[in-house]
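Structure, as structure tokens:
Every number here is computed from the coordinates shown, using simple stated rules; none is lab data. Note that this is a predicted model, so its numbers are computed, not measured. Here the Cβ positions follow ideal geometry from the backbone for every residue, glycine too, while neighbour counts run over all protein chains shown.
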């Protein structure tokens, strides 16, 4: 299912993260979307999500590159669950390695015009259960 | 977040699986929901999902007991992503052990009356990427 239209959408979002183009990045999210910033910390709504991405870029000294690996999309009721290997590369920070591979889970909804918007962005996937 | 209303809902659905009460079980799903039966095999819509559960019950000789462990719920835009430890106990079959623990991912949507319905049921979670 690697040719799913959501693949190109997520790749474009990840490029926007690397380019720190937060206006473009916010286009991918629904107005009342939720981002898991880290286990136990959630950003709700575009304004909080934008501020979280600005803080993350600063924390990593503007060095973030996000790329994708394998992807599976499951669609039901105008909703899509994406499970995806995501590689976060940075200059390294504190005790974090310079390359972190996660199995992310994203939820998208398709609006009446057929446009997909991200409603839940949880790059930690089921590892949330470790916390 | 263990007191989330979706916890009681999922527990009731799992009891319905054990009791093979497929009428009650189907009440949890949206009309056009999707069930991941196994990696690479999907059931779409209530009719297919019901047939899949009937086949699964027969495959395991009517011995299924499903219980839950840790759970996290992330809500955004009237949608909820549930990541949950799920334990499937059966009489064992072929090369499968009698107890299988998975980290499941479920997506629910809240309708205009406030009722949650399951739209994507993927008990394999991010392990779909192994297949």
>> Could you tell me how many cubic angstrom of Cα convex hull volume segment B:86-131 has per residue?
In response: 97
> Other chains' Cβ within 10 Å of A:77-88 residues: what's the mean?
Replying inline: 5
> For chain B, modelled as a Gaussian network with Cα springs under 10 Å, which listed residue fluctuates most, B:74, B:42, B:64?
Replying inline: B:74
>> What number do you get for segment A:1-40 when its Cα radius of gyration is normalised by 2.2 N^0.38 Å, N = residues?
In response: 1.30
> When the chain is fully extended, how far beyond the present Cα-Cα distance does residue B:47 get from residue B:21, taking 0.36 nm per residue of separation?
Replying inline: 7.9 nm
> Taking only Cα atoms, what is the 0 to 90° angle, nearest 10, from helix A:45-59's long axis to the longest principal axis of chain A?
Replying inline: 30
> By DSSP, what percent of the beta bridges with both residues in chain B are antiparallel, rounded to the nearest 5?
Replying inline: 90
> With each label point set 7 Å from Cα along the Cα-Cβ vector, what nm distance links residue A:12 and residue A:111?
Replying inline: 1.4
> What does the convex hull of the Cα atoms of the protein assembly as shown come to per residue, in Å³, rounded to a whole number?
Replying inline: 130
> Is segment A:18-100 rounded, prolate or oblate when judged by the Cα gyration tensor, a ≥ b ≥ c being the square roots of its eigenvalues, rounded requiring a/c under 1.5 and prolate requiring a/b larger than b/c?
Replying inline: oblate
>> Just to verify a number: FRET efficiency for residue B:94 and residue A:99, C-beta to C-beta distance, R0 = 35 Å, to 0.05?
In response: 0.35
> How far apart are the residue B:44 label points across copies, placing each 7 Å from Cα toward Cβ, in nm, shortest first?
Replying inline: 3.4
>> Using a 10 Å cut-off around each Cβ of peptide A:124-131, what is the average number of partner chain Cβ atoms that fall inside?
In response: 6
>> Using only DSSP helix segments of four residues or longer, with each worth -39500 (n - 2.57), what per-residue ellipticity at 222 nm results for the protein assembly as shown after dividing by its residue count and rounding to 500?
In response: -8000 deg cm²/dmol
> What gaps in nm, shortest first, separate residue B:78 from its twins in the other copies when you place the label 7 Å past Cα toward the beta carbon?
Replying inline: 0.9
> Antiparallel as a % of all DSSP beta bridges within the protein assembly as shown, to the nearest 5?
Replying inline: 90
> Using the alpha-carbon atoms, what tilt in degrees (0 to 90, nearest 10) does helix B:5-19 show relative to the longest principal axis of chain B?
Replying inline: 30
> What is the mean number of Cβ atoms from other protein chains located within 10 Å of the Cβ atom of each residue in peptide B:92-105, rounded to a whole number?
Replying inline: 1
> Mind checking which of A:25, A:81, A:41 has the largest fluctuation in a GNM of chain A, springs on alpha carbons under 10 Å?
Replying inline: A:41
